[in-house]
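What follows is a single structure, written as structure tokens, with notes after it.
The values are calculated or read from the model by the stated rules, or taken from the named source; none is laboratory data. Computed from a predicted model, the values in this text were never measured in an experiment. Here the Cβ is made from the backbone with ideal geometry for all residues, glycine too, and neighbour counts use every protein chain on show.
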Amino acid sequence: VDRPDRHGREQILKVHVRGKPIAPDVDLDVIAAQTPGMVGADLENLINEAAILAARRNKRSISMDELIESIERVMAGPARHSRVLDVNDRKVVAYNEAGRAIVIESLTHTDRVSKLTIVSRGQSLGYVMSLPEEEKRLRSKAEYEDMIAALLGGRAAEELIFDEPTTKASEDLERVSRLAKAMVTRFGMSDLIGPVQLQQGDSNPFMGMEIGEQRSYSEDVARKIDQEVRRIVSVAYERARTILVSHKERLVAVAETLLEKEVLDRTEFLKLLEQKSDPDIAAAPAD
């Protein structure tokens, strides 16, 4: 069964809010837009979670605040205000998230930034929320290249500001490696390897031979795959770093404000970008 699209999710949400006290500020279309990939059971849980939050806050109705909080709890886990970072770690997290947000906003084929925070949730010390302007079922090579560059934005920011990456930056490397390898071995997006599929199913974060994979290609091809994965990641990293070097003043402004406020919504984020004299935010070329 296909997952519901935005309109379908809105209709499902309307069913689950029936009989519940909903505040006038609630816009179910906005909630539907922020829940791509969720199915009926997920959306039902979302509404129930929001109702519980409203009750805990002694509110008579469910507002957008509870619904947005519920989305974040589902996506990233509950907020962990008891997890206190030391000054240096907190600064690293702020620059990591600021760097990723600026790279995302600079690229052509990435979803727009909706929020960034250094409030811990689940296993994450901070995160950037980005939402699709439209839901797509197909992805191009350029989109994958931008996705990888965006994931490397945090690492690039750490190296630019602190001269070395931390384990915070390493959190994204697993996904980066999987995406790059999928481009080469599953989607035929490598000029060196060509339009062939060398691997089926989900890829693994490690380069080279998959765990449990019955490899049908030679050692020479395996070396070329690793070479291509490394090239794709290297090019993407340089794109991310180039963006942040060009927008270092913005990077500092966003990170330092994030340290002060802990959470920035899209409006606040864009206002900070507009206030600085760096070159206009524009996409860095893939090649």
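Being surrounded by 18 or more Cβ atoms within 10 Å (Cβ to Cβ), within 19 Å of L264 (Cα to Cα) and not small (G, A, S): is that true of I31 here? The answer is yes for I31.
Would you be able to say whether some residue in the stretch 240-256 is in contact with a strand residue (DSSP E or B) (Cβ under 9 Å, 6 or more places away or on another chain) and either part of a helix (DSSP H, G or I) or modelled with pLDDT under 85 (or both)? Talk me through it step by step, then tell me what you get.
At the first step, the residues of the stretch 240-256 found to be in contact with a strand residue (DSSP E or B) (Cβ under 9 Å, 6 or more places away or on another chain) are 254.
Keeping just the survivors that are either part of a helix (DSSP H, G or I) or modelled with pLDDT under 85 (or both) gives 254.
Scanning the stretch 240-256, I find at least one residue that is in contact with a strand residue (DSSP E or B) (Cβ under 9 Å, 6 or more places away or on another chain) and either part of a helix (DSSP H, G or I) or modelled with pLDDT under 85 (or both), so the answer is yes.
Scanning the stretch 34-50 for residues that are in contact with a helix residue (DSSP H, G or I) (Cβ under 6 Å, 6 or more places away or on another chain) and in a helix (DSSP H, G or I) yields G40, L43, E44, L46, I47, E49, A50. Looking across the stretch 257-272, the residues that are surrounded by fewer than 13 Cβ atoms within 10 Å (Cβ to Cβ) and closer than 21 Å to A79 by Cα come down to E260, K261, V263.
Go through V128, V103, V119, V92 for me and flag whichever is in a loop (DSSP other than H, G, I, E, B) and surrounded by 15 or more Cβ atoms within 10 Å (Cβ to Cβ).
Working: V128 fails: in a loop (DSSP other than H, G, I, E, B); V103 fails: in a loop (DSSP other than H, G, I, E, B); V92 fails: in a loop (DSSP other than H, G, I, E, B).
Just a single option satisfies the conditions, and that option is V119.
Residues of the stretch 131-155 being assigned to a loop (DSSP other than H, G, I, E, B) and modelled with pLDDT of 95 or more, which ones?
Of the stretch 131-155, the ones assigned to a loop (DSSP other than H, G, I, E, B) are 132-140, 152.
Within the stretch 131-155, L152 is the sole residue that qualifies.
Would you mention how many residues in the stretch 68-89 are of a type in the set (G, A, S), touching a residue at least 24 places away in the same chain (Cβ under 8 Å) and assigned to a loop (DSSP other than H, G, I, E, B)? Don't jump to the end; show me each part of the working.
Step one: of the stretch 68-89, the residues of a type in the set (G, A, S) are 70, 76-77, 79, 82.
Cutting the leftovers down to touching a residue at least 24 places away in the same chain (Cβ under 8 Å) gives us 70, 76-77, 79.
Then drop every residue that is not assigned to a loop (DSSP other than H, G, I, E, B), which leaves 77.
Result for the stretch 68-89: 1.
Quick check on my filter: what residues within the stretch 197-239 are of a type in the set (A, V, I, L, M, F, W, C), outside any helix (DSSP H, G or I) and modelled with pLDDT of 80 or more? Spell out how you get there, then give the answer.
Taking the stretch 197-239 as the starting set, the residues that turn out to be of a type in the set (A, V, I, L, M, F, W, C) are 198, 206-207, 209, 211, 221-222, 225, 229, 232-233, 235-236.
Next, from what is left, pick out any that are outside any helix (DSSP H, G or I): 198, 206-207, 209, 211.
Passing the criteria: only L198.
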